[in-house]
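J.: Before I ask anything, let me first share the structure, which is written out below as structure tokens.
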Amino acid sequence: MNADLPRLSELTERPSTRRKFLINSTAFGALAPLALAGCGPDESGHKGENGVATREGAGQLAGPGTALRNPDSKLDTGGHANVHQSTAGAPKGTSAAFRRFDPALPPISGEGTRRIQFTAQEVPVRISDDTVISAWTFDGDIPGPIVHVRQGDSVEFTLVNHGSIPHSMDFHASQIDPKVAFRSVAPGQPVSYTFRARFPGAFLYHCGTSPVLMHIGSGMVGAVIVDPPSPLPAAREFVLVQSEYYLGAAAGGVLPFDYTKMLATLPDYVVFNGRPGQYMNAPIKVKVGDRVRFYVVNAGPTHPCNFHVVGEQFDTVYLGAPPQVPLRGIQTFAVAPGGGMIFEMLADIPGEFVFVNHGFGHGQKGAIGILSVES
Ligand SMILES: [Cu+2]
């Protein structure tokens, strides 16, 4: 076995051994200070409004940034001389601050009819202490806001295009004429439509403007969670949206997206909720005895998310609409690009459990985090 590759047996041992592994691992070398800082006994993180640990000034620490980036990415497409890069939303500066994306599923607000308005924005987004990308977004972040509704709800949606090129919205939770509802709108224009969330599950939403690869790949993605009428068992609920970043050479300190590299399908980063390794730095925290439910939505644009928790097993996996026909006793399951699944486990053992895209060529590019189970 290549000494540089992760040895999972070490990940499952006591934290000090796991940290040693992180330090010794070539790929994770720069992550180790973060993992240590985030997990130490004197951790200064506090509980966010959703009960999730947060860390002030995380962006000031040595972030995963380039450590997780594919070191050969510039060779993927024969260099950058002829790349097709995003120019819309050209960077206006690198002052964007790092912000941990709160993975907690927000509560459903209201009953029956949900009115949701997003704006399409082309803005720089800081994904680590040393990396800012020229993103296309819903409401200024990657992923866009988590939408949480109940089966049968009517969703009255409006997108206002504050960008410089056409954009649109494709809700996978809807069943609707896409030529009408998912049509692109010019800068400054709105598009509105109403759909009924007929089926429960974890769904993707994304910009569907051509080329869709470019609009998804540049960050216009998010998750919509549709609860069944009868609630699932009580649990700590988290949403993880996996997506891939294909980046070109920096301009003014900001990295543009690279369409040619998107076509070549060898990403620089693969991330949960927009930032490589952010939950290594600031783990997702639960208590012993909690049922933990991950809504895993894979925005792609191209690669699967082979979701796994090191040292744990999922007692329940919903492939589609819960609660019908769940799978029991699953170690790893692939969420297809454009898909979403629900993974449940009982956190009955204290410790630090790494959740990861077990397609490790992608997991090591940032689709990795820690679930900290505290006694
Ligand atoms: Cu778009």
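The values are calculated or read from the model by the stated rules, or taken from the named source; none is laboratory data. Remember, it's a predicted structure, so these values are computed and weren't measured experimentally. Virtual Cβ from ideal backbone geometry, glycine too; neighbours counted across all protein chains shown. Side chains are part of the model used for accessible areas, which takes the heavy atoms of the whole protein and leaves out ligands, DNA and RNA. Shrake-Rupley method; radii C 1.70, N 1.55, O 1.52, S 1.80 Å.
J.: Is the stretch 194-283 best put as rounded, prolate or oblate by its Cα gyration tensor, with a ≥ b ≥ c the root eigenvalues, rounded for a/c under 1.5, and otherwise prolate when a/b is larger than b/c, oblate when not?
T.: Oblate shape, in that a/c is at least 1.5 and b/c is the bigger or equal ratio.
J.: Based on alpha-carbon centroids, what's the gap between the stretch 264-317 and the stretch 122-163 in Å, whole number please?
T.: Here the answer is 19 Å between Cα centres.
J.: Where the Cα atoms of the stretch 129-203 are projected onto their three principal axes, how long is each span, largest first, in whole Å?
T.: That works out to 42, 30, 15 Å along the principal axes.
J.: Relative to 2.2 N^0.38 Å, what does the C-alpha radius of gyration of the stretch 278-375 come to as a ratio? Two decimals please.
T.: Numbers: Rg = 13.0 Å, N = 98, 2.2 N^0.38 = 12.6 Å.
Normalised Rg, Cα atoms only: 1.04.
J.: For the stretch 291-352, which whole percent of the accessible surface, found with a 1.4 angstrom probe, sits on carbon and sulfur atoms?
T.: The nonpolar share, carbon plus sulfur, comes to 56 percent.
J.: Still on this structure: With a cut-off of at most 13 other beta carbons within 10 Å, and DSSP calling the residue loop, which chymotrypsin sites (Phe, Trp or Tyr not before Pro) in the stretch 109-157 qualify? Please list them.
T.: none
J.: With only alpha-carbon pairs counted, each pair once and no self-pairs, how large is the Kirkwood hydrodynamic radius of the stretch 142-253 in angstroms? Please report the intermediate quantities before stating the final value.
T.: Numbers: mean 1/r = 0.0653 Å⁻¹.
One decimal place: 15.3 Å for the Kirkwood radius.
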